[in-house]
Amino acid sequence: MIRKILFVFTAVVSLGLVWSCKEEAVPLDEEQFKSLLIDMHRVDGTLAVARRTGGSNDLKNYAYYNDLFKKYGVTRADFDSCLHYYSAQNARFSALYDAIVDSLNKEVTVLDKIIDELKANDSVNYFPTLLDTAALDTLRLDSVVTVVVDSIVPGLYKFSTTLQFDSVTRSRSRRIVSFFVSPDGKDTLHVRNIMVYPDTLKRDYSWSQYADSVYSRLVIRYMEPIPVDERPKVFRNGKEVKGEKEKLYDLEDFGGRAWDNQLFRPYISRSTEERLKSSLRR
């Protein structure tokens, strides 16, 4: 596929050439020209990605190529002259592009290996094993349960859990609270609170949050009471009962449990990490 794209590119450029040059007049020798073409196709790939993401800018694109010509000390006319000369020798040009394709494929292989290594932690569940529970992955929610995850490193964290209760209530007076904490305990990064709906049906809850190097541990508190002034209002017959807020229900009466607790740190690109870091609100 790469080879096909490269030859189409070469054919299009060659149609606009109306002169040839002698061996001794070629501005770049074969190795220099090969290096230039490799760099040019790297730029082509970068710009192709930019076009797919809506970031294409013609003036900026020309600047990329002009900078490339400056790097090799040639002009666009010099490049066209070399391209015409080498492409006129089919066997030689075919061997040249075989070397270019091989070089690009090796780069892709190396990059794929690096990305695979970076993604290796995607499947690591950082949620601690619960050795003091009957089932290692199940929490009994008959009281407020606090889980602490130590050794937090910078990255995007994704948490999820499944909750189920033996009884049902409409009250929404409890929540899952999560926050990252600095080593000295003075800096806290709060994750959005998740209101819990006690139900006999299974319900999934989740959040995602980026944490930078300021923080060293994560605290997750299941079924923490929502402060009275933040609780939902009470309605009867479709009308608000002024001055009343939902009452706190007793966890021991509901037989709640949480399982499939997961905390992953998926791989993200450097640009995404910088964007998330700049949006942090402490």
#### Entry: Convex hull (Cα only) mean projected area of region 189-282, reported in nm² to one decimal
9.4 nm²
### Within straight-line cross-link reach of K71, aspartates and glutamates at Cα separation under 14 Å, skipping those fewer than 8 residues along the same chain
D39
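In the neighborhood of R175, defined by Cβ-to-Cβ distances under 11 Å, what is the net charge if each Lys or Arg adds +1 and each Asp or Glu adds -1? Write out the running numbers ahead of the final one.
On the way: positive: R172, R174, R192, R221, R231; negative: E224, E230.
Every neighbour counted, the sum reads +3.
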### Message
Per residue, how large is the accessible surface of region 140-282? Use a 1.4 angstrom probe and give square angstrom.
### Response
57 Å²
### Query
Which length gain, in nm to one decimal place, applies between A88 and L248 when the Cα-Cα distance is subtracted from 0.36 nm times their residue separation?
49.3 nm
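Starting from the Kirkwood radius over alpha-carbon pairs of region 151-194, derive D by Stokes-Einstein at 20 °C in a medium of 1.002 mPa s and give it in µm² s⁻¹.
D, rounded to a whole number, is 159 µm²/s.
What part of the accessible area of region 124-249, given as a whole %, is carbon or sulfur when the probe is 1.4 angstrom? Write out the running numbers ahead of the final one.
Details: 3430 of 7030 Å².
So the carbon and sulfur contribution to the accessible surface is 49 percent.
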## Note on the structure
With a ≥ b ≥ c from the Cα gyration tensor eigenvalues, square-rooted, and the rule rounded for a/c under 1.5, otherwise prolate when a/b > b/c and oblate otherwise, region 239-282 is oblate
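The values are calculated or read from the model by the stated rules, or taken from the named source; none is laboratory data. None of the values given here were measured: they were computed from a predicted structure. Methodologically, a virtual Cβ is constructed for each residue, glycine included, from the backbone with ideal geometry; neighbour enumeration extends over all protein chains shown. Calculation scope for accessible area: heavy atoms of the full protein, side chains included, ligands and nucleic acids excluded. Shrake-Rupley method; radii C 1.70, N 1.55, O 1.52, S 1.80 Å.
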